[in-house]
Amino acid sequence: MAFPTAVNSQVTDSVSQTNAKVLGDSPALATSKLMLAVSQALSNAAYNAINAQQNNNVTAQAALTQGVNTLMNVDTAASMVVMKIYR
């Protein structure tokens, strides 16, 4: 209970309890906001990793396709030369 003042003691008790509750909740609120910020950062990191992996897969597939096309063209040209030699 608050000291005797010009204000009703019930009002001062109510304000004191509200202030105590706000101070008591502050660590929990700060921790929850920190956890939200960390989870958002980790989610962004996972998204960026997946996006980079998908881009690498597309690049690797394009390189493989180009390599196979090159091999097929070289093989065709070589077989044509071999056929001309044996005729």
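The values are calculated or read from the model by the stated rules, or taken from the named source; none is laboratory data. Treat the numbers as computed from the prediction; the structure is a model and nothing was measured.
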- Item | In segment 1-28, residue modelled with the highest pLDDT [restricted to those that are assigned to a helix (DSSP H, G or I) and of a type in the set (A, V, I, L, M, F, W, C)] | 28
- Task: Those residues that are among the basic types (Lys, Arg) and modelled with pLDDT of 90 or more, I need them from segment 29-87; list them, please.
- Result: 33
